[in-house]
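Contents: one structure, followed by commentary.
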Amino acid sequence: MIETRRQVQLVLAFLFIIALLYFWPFFKKRMQTFQPIQYVRVEGAFQYISKADIEAKIEPLVQVGYFGVNLQLIRQAVMQLPWAETVQVEREWPNRIKLRIYEQKPVVRWQSDGLLNRKGEIFKPLNLDKFQVLPVLYAPMVQRHQLLAVMQGLELTLTDQGWHLAEFNVSQRQSWLLRMENGLTIQLGRWQPLQKFSQLMSALAVVGTDVVGKMAYIDMRYPNGFAVRWREGEVVTW
């Protein structure tokens, strides 16, 4: 009697598994369309990302039910927007999706076609015209994080001197060159460029702003001292 009961239980379990496998595709499809998404709530302070851009990215991905929506795909789609730095996506019962989007904040231009955020990450908006006021960093790709920090330190020092850095250029051979907004170019070279920069700042503080304002090019690639090319038409009296 006990043996017969066990056989019946095994047969019923087997039939249940067969039925589950047979009806699973239908059940899964029903679950994916159960509780259709009715609302998408977007949070964030946007200056360059439009709601139309967000809607275009996620609209095809929310045409499913609450349980069927793929949050990872939504996040990946929104992250394709050039100005999206971080995207968080979550469900809100019973029929809502919430997006929290953090927009990129550029600190400098990168090479000729990109921008860098505060973490040294590159992003490339379609139009860079309004960002020409930012200084530009030219440097080897693998050094951009380190040199961004150096550039920000140089900017602070130069601002204290009344100058504004327009370009920081580090060549593949590690030669440093600075350009100011007023057109002054400073060649620091490869050998101890930060030390050369500090020496120059000290020297220029002694020379005085009137004389410095007449300089067009300063070459620090000398073991003792530096060379100067004056602006055209300037008369310098030492």
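The values are calculated or read from the model by the stated rules, or taken from the named source; none is laboratory data. Note that the structure is predicted; figures quoted are calculated from it, not measured. Every residue, glycine as well, gets a Cβ built from its backbone with ideal geometry; the counts of neighbours run over all protein chains shown.
Just need a number here: residues in segment 106-124 that are under 15 Å from V136 (Cα atoms), not in a strand (DSSP E or B) and not hydroxyl-bearing (S, T, Y).
6
Answer yes or no: is there a residue in segment 160-178 that is crowded, with 18+ Cβ neighbours inside 10 Å, over 30 Å from the mean Cα position of the chain (by Cα) and assigned by TED's automatic domain parsing to the domain that holds L116.
Scanning segment 160-178, I find no residue that is crowded, with 18+ Cβ neighbours inside 10 Å, over 30 Å from the mean Cα position of the chain (by Cα) and assigned by TED's automatic domain parsing to the domain that holds L116, so the answer is no.
Can you tell me which residue in segment 101-130 is surrounded by the most Cβ atoms within 10 Å (Cβ to Cβ), limited to those that are over 21 Å from L177 (Cα atoms) and among the hydrophobic types (A, V, I, L, M, F, W, C)?
Of everything passing the filter in segment 101-130, I101 is surrounded by the most Cβ atoms within 10 Å (Cβ to Cβ).
Report whether or not R144 is surrounded by fewer than 16 Cβ atoms within 10 Å (Cβ to Cβ) and not assigned by TED's automatic domain parsing to the domain that holds A45.
No: the conditions fail for R144.
Report, by residue number, each residue of segment 138-193 that is among the aromatic types (F, W, Y) and either at pLDDT below 95 or under 14 Å from M220 (Cβ atoms) (or both).
Those that are among the aromatic types (F, W, Y) and either at pLDDT below 95 or under 14 Å from M220 (Cβ atoms) (or both): W163, W176, W191.
Within the group A56, A77, which residue is part of a helix (DSSP H, G or I) and in contact with a Leu (Cβ under 7 Å, 6 or more places away or on another chain)?
Answer to the check: A77.
Looking at segment 80-95 only, could you name the residues that are free of Cβ contacts under 8 Å to residues at least 24 places away in the same chain and not in a strand (DSSP E or B)?
Result: Q80, single match.
Among the candidates G183, G233, G225, G208, single out the residue that is over 17 Å from V107 (Cα atoms) and touching a residue at least 12 places away in the same chain (Cβ under 8 Å).
On inspection, the qualifying residue turns out to be G183.
So L194 ticks every box in (1) over 25 Å from the mean Cα position of the chain (by Cα); (2) free of Cβ contacts under 8 Å to residues at least 40 places away in the same chain but one. Which box is left unticked?
(2)
The conditions are (1) assigned by TED's automatic domain parsing to the domain that holds F168; (2) surrounded by fewer than 17 Cβ atoms within 10 Å (Cβ to Cβ); (3) assigned to a strand (DSSP E or B), and K98 fails exactly one of them. Which is it?
(1)
Which one of the conditions (1) aliphatic (A, V, I, L, M); (2) surrounded by fewer than 17 Cβ atoms within 10 Å (Cβ to Cβ); (3) under 30 Å from E121 (Cβ atoms) does A205 fail to meet, given that it meets all the rest?
Here A205 meets the rest and fails (3).
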